[in-house]
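Encoded as structure tokens, the structure appears first; notes follow it.
The values are calculated or read from the model by the stated rules, or taken from the named source; none is laboratory data. Predicted model only: the values in this text are computed from it and were never measured. Cβ placement follows ideal geometry from the backbone for every residue including glycine, while neighbour counts extend to all protein chains displayed. The accessibility values were calculated without ligands, DNA or RNA, using every heavy atom of the protein model including side chains. Shrake-Rupley method; radii C 1.70, N 1.55, O 1.52, S 1.80 Å.
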Amino acid sequence: MSALRARLCFSALYTRRLLLLPINNSKPNGVTVLRAQYNGLCHLQSQSKFSTASDQQKAEVIRSTPEKKEFQAETRMLLDIVARSLYSDKEVFIRELISNASDALEKFRYISVSSAQDTPQLENTDRALEIRITTDKQNRAITFQDNGIGMTKEELIQNLGTIARSGSKSFIEEIKKQGSEQASSIIGQFGVGFYSAFMVADKLEVYTRSSKSGSPGYKWSSDGSGTYEIQEMEDVPIGTKIIVYLKTDCREFADDERVKDIIKKYSNFIGSPILLNNEQVNSIKPVWLMDPKEVTHEQHVEFYRFISNSYDKPRFTLHYKTDAPISIRSILYVPEGKPGLFEMSRDSDVGVALYSRKILIKSKADNILPKWLRFVKGVVDSEDIPLNLSRELLQNSALIVKLRTVLTNRFIKFMCDMAQKDPVGYDAFYKDYSLFLKEGIVTSQSPLEKEEIAKLLRFESSKLEAGVKTSLADYCSRQKDDQKSIYYLAAPSRQLAETSPYYESLKKRDLEVLFCYEMYDELVLLELKEFGRRSLISVENDMQRESSDKSETIIGSDDLQQSQVNELISFLKKNLDGKVFEVRTTQKLDTHPCVIVIPEMAAARHFIRTQAQNLSEENRFALLRPQLEINAKHPIVKKLHKLISSDKELANMVSQQLFSNAMVTAGLVMDPRNLVTHINDLLVKALEKH
């Protein structure tokens, strides 16, 4: 009798203490409660029991002796792999246990509103669903508690006693057989997340009671050595509580600030409240899962600043949702600010975070968007992404390629739309970020992707006013019916482009030419090769191609006969030996005396800028093999012919200067300042008689 009296006194004192605790009045997250409810006192007791971990520990009473069991599968060896090798960061055990708790809540939500005939009777269906985490620095422990579906003894053995079995995965498969898609919030897939706690734990204790009416409570415990114990317990509240007794070197995970940072990093968008030491931690909504029409500009700004860790605003926002060909929920932002030096580097990480059902998988997912889109910030959430057991490495490369292709094409289409709707805003974007687009064309292995990116390129045109840019598509729309090519000219400025000797012939033919002012523009177009089934041709290559079609028997003006032209060509070949590998006449020049032609001028200029510094002049000319084309009607060329017989020294100096001028015009001289000495010598010689 004394034992019974003591127990009754303890129960009365405990009940009185519970009644003094504050009541949690939060609503059940929009769930429509279809089951019968307990009376108000039972509800109060249920809420109070869940209020603190310490109270719950006092409430649990051993009812049976422990039952010792061995893990299934490869027991100790497989546990060692999970606990020590599978995860790259120990902190992810918090993410995994929160994910399991969230799944337990979602399972309860689903079953509580299910109308299936075999749905079990559940207790206390109107309870507020939440996840509570408690840290205990003094005892080096952290507790995870949910009031979700809970587990029976059989489920404990199945879900925790068999490694790599997933209760969540089985649950999804079961309801899909019933033709239901309502469990889309279930996160867990692989069943090993629970065992990640052994990375940091000396011992794990699990207290659980199923929501099914009349279910007893149980305690599961293990030190990860290959065995576990189960025993029946009294006064276990509905749901699951996991106590992680931390190893000495993992005491950091009993620090509430450290735990809060980890929760915000990985689990900030969990749908149910996460309370750390009675304070809710997760507060920001998973905006990417909301209807795009319902998200305000202010919400986008707040969310952008959260994921990008910056203080500017998004310049453009793409909120994209699709279920075909794969499930994608995403938000992609183009930053308002200019890219920094770190973002310009190809070694920097892509700024898109990868989530699966609101749980962070990778904060910098470098294979979800191509490297050239590393300036884009945002979130991608896909239920179809297959993950390995740790959720950290992506398995199915074909599916990831499909995801990347869909997102990339959608982003390009979005930017094309923005260029039409907001041309001023797009021009500002292009000024800041065009280098990334050009990088995409140069680095992409897909001709189709190259052409898609090329839709975003902008250039000035010979047919438009200075400062006005046009797209390749608009250029094609203005073409004459018989024009099958897109012509472009690389020059540092519009003035130099319009006065270039290479532009003269196309100007006479009234053909539109795109002017490329940036250093790598011509390499980009060279790599692109064609657009809209039209070849992209440099005007320099066009000059060479048409000149080569014509023979060198072009006769100059009436002042120079064919024999005189031949004599001049022989003189130039001899005088410029080692520099020029061919000399011929051309009729494509009017105001310029000569021009240099090289088969791949863009590649040659790139070579001069990047690799020619360590080569001698002789070796540079041997590699470039420049050809000199002269305008036999030009006054300088005609005067040069006369100088051959009247003043050979001056003729030599003039021919050298003509070649140097042509090389400068072609952009093939590393440092034009070296020519000043030769120009001064020429002036001295020319002014001797004055």
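Between N367 and K247, residue separation times 0.36 nm minus the direct Cα-Cα distance comes to 39.7 nm.
In nanometres, what is the gap between the two model label sites at K338 and D474, each 7 Å from Cα along Cα-to-Cβ? For the pair K338/D474, the computed spacing is 2.4 nm. DSSP assigns beta bridges within the range 374-521; of those with both partners inside it, close to 55 percent run antiparallel.
When the charge dipole of the range 212-275 is built from unit charges on Cβ atoms (+1 for Lys and Arg, -1 for Asp and Glu) and taken about the Cα centre, the candidate among S267, I230, S213 whose Cα reaches farthest toward its positive end is S267.
Multiply the residue separation of N614 and D590 by 0.36 nm, subtract the distance between their alpha-carbon atoms, and state the gained length in nm to one decimal. Write down the numbers at each step before the final one.
Working: separation 24, 0.36 × 24 = 8.64 nm, distance 3.68 nm.
Separation in residues times 0.36 nm, less the Cα-Cα distance, equals 5.0 nm.
Measuring r between the beta carbons of N674 and R258 and using R0 = 45 Å, the FRET efficiency lands at 0.10.
Could you compute how fast the range 237-350 diffuses translationally, taking Rh as the Kirkwood radius over C-alpha pairs and applying Stokes-Einstein at 37 °C with viscosity 0.692 mPa s? Give it in µm² per second. Intermediate results must be reported in sequence, preceding the final value.
Details: Rh = 17.4 Å.
Result for D is 189 µm²/s.
In this structure R258 has an accessible area near 70 Å², from a 1.4 Å probe over the protein heavy atoms.
With charges set only on the Cβ (+1 for Lys and Arg, -1 for Asp and Glu), what does the dipole of the range 566-690 come to about its Cα centre, in debye to the nearest 20? Mind showing how you got there, number by number?
Numbers: 17 positive and 13 negative charges, 49 e Å.
Roughly 240 debye, rounded to the nearest 20.
Based on Cβ point charges of +1 for Lys and Arg and -1 for Asp and Glu, what charge dipole magnitude is obtained for the range 614-679 about its Cα centre, in debye rounded to the nearest 20?
Working: 8 positive and 6 negative charges, 61 e Å.
Dipole size: approximately 300 debye.
Taken over the range 570-686, the alpha-carbon convex hull comes to 105 cubic angstrom per residue.
Please find the FRET efficiency linking D432 to Q299, where r is the Cβ-Cβ separation and R0 is fixed at 30 Å, and quote it to the nearest 0.05. It comes to 0.75. Scoring 101-109, 323-331, 463-471, 625-633 by mean Cβ neighbours within 10 Å over their residues and listing the highest first yields 101-109, 625-633, 323-331, 463-471.
Could you calculate the FRET efficiency of M519 with A398 from 1/(1 + (r/R0)^6), where r is the beta carbon distance between them and R0 is 51 Å, rounded to 0.05? Approximately 0.85, to the nearest 0.05. Distance between the pseudo-spin-label points of Q420 and K689 (7 Å out from Cα toward the beta carbon): 6.7 nm.
State the extension gain, in nm to one decimal, for the chain segment bounded by D291 and Q561, taking 0.36 nm per residue of separation less the distance between their alpha-carbons.
Details: separation 270, 0.36 × 270 = 97.20 nm, distance 7.93 nm.
Full-extension gain reported as 89.3 nm.
Rolling a 1.4 Å probe across all protein chains gives K377 an accessible area of roughly 40 Å².
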